[in-house]
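Written out below as structure tokens is the structure these notes cover.
None of the figures in this text is laboratory data; all of them are computed from the coordinates on show. Source: prediction; values computed, not measured. Virtual Cβ from ideal backbone geometry, glycine too; neighbours counted across all protein chains shown.
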Amino acid sequence: MPITPKPRRQPDQRTRLVLSALGGLLMATGAHAHADTQSVADGALVSPSEIVDCTLANGEGSQCARYVVKYLPDDLEIGPFCPATLDEEGGIWHWDGAEAGLYRIDGDFLRLLDEQGYTFFNEAGEVHSFDIRLEAPTETNECIQGSDDPQVEMTVLIPANPVMADEPTSLETVAQVGIGLDGVPIFGDAPSVLDTGHMPALDTCGGHVDPGGWYHWHATATDVNAIFEIEGVDAECVNVEQDQTAQFGYAFDGFAMFGPLNHDGSVPGDLDQCGGHIGLAEDGGDPVYHYHSGDTFPNLPACLMGVVAQDNFSTNAAGGLGSANGGGGPGAGPDFGAMAETLGVDPALLRQAMEEAGGRNADLRVVADRLGVAVEALQAALPGPGR
């Protein structure tokens, strides 16, 4: 089944009225999911959780649950990621080129990519791969896996009293989504091979190691096996207990994230554009706004309905997301610095020109004209098949 991302809709007047009504209901009933000092598993914590003063993105003062978590929870096993040869099986990948869909990273899939001009292996059937934390790619197309760094820790702020936003916030590639109850950060879809030429492989539970050396999710791991069944993928997450009714974590706006089913096993039929609704999350509880995972990969909210906290994610890692150096490391996204150096243009101008012209689907003639370079030179500098 193709997994082509759906276009993001801008909220219309009806959506704004719904948001207003939701906000009023939340205020009237006190219905919201709370993140507190007991929400994240102890085995993931560097220090005890606490409730602290924080400032929301809209400038309002609030209180947040503060979690300082390890590079990897004590009891979580991860992998596999990249196969060493075409005869082995690695993790999974959400391919968005021709014959799009969710695939197990194996010989059949890598040969499919080869037919489309993305060659991840040599004549001996050895798969090109590199450690994104320690090195850069040496081939045009390489599978990415990262080694972990036990010294790394992350600090996460989740609003303890969620507030509805005026408009939903879209969650694009590698957007900050939230934190799992297991203490693992959750991010939006991983960078596309079409953008970088490289494949940041996910393991069979839907996570991988950031260039900074810490593990994070790109899917709702507690029900990913249901996605494999729907998509016909020969994979299984054995490192995370599967439960389609269970809570997976909290979004960065403070609202809880659950599997695709209601707490009683029924299918929610009133979900908004972000995949959330107000309903019971447990027997005997009060109705609360919360998100449900979807039935396609990545099975995460498409947007956030609430307001996130300022400076809600940071890490002491030497690089990668949330670090002082920022960025995603080699192969995590288009290397605008290297491309700009090749073209002799300003990196910021190159990035802006590409984004304004359509990102991955940019009209290169428009970009080249904006930069004052030949379109052939721009094409040669971009990652892609045969380059």
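Assorted remarks:
- Cα pair distances of region 49-119 binned at 5 Å [whole percent]: 3, 12, 15, 12, 8, 7, 8, 11, 10, 9, 4, 0
- Once backbone amide H atoms are built at 1.01 Å from N, Cys237 has Asn225 as its partners under 5 Å, excluding neighbours fewer than 5 places away on the same chain.
- Over region 1-331: Rg over Rh, Cα atoms, Kirkwood Rh: 0.97
- Close amide-amide hydrogen proximity is noted between Ala165 and Gly306, Val307, each under 5 Å apart and 5 or more residues distant or on a separate chain (H modeled in the peptide plane; Pro and chain starts excluded).
- Residues whose placed amide H lies under 5 Å from that of Gly207, excluding near-sequence neighbours: His218
- Gyration tensor (alpha-carbon) shape descriptor, region 136-208, a/c threshold 1.5: oblate
- Local net charge near Ile278, Cβ-Cβ under 12 Å (Lys/Arg +1, Asp/Glu -1): -3
- Convex hull volume per residue in cubic angstrom - Cα atoms of region 210-306: 119 Å³
- Evaluated with a Cβ-only charge set (Lys, Arg +1; Asp, Glu -1), region 1-331 carries a dipole of roughly 1260 debye about its Cα centre, given to the nearest 20.
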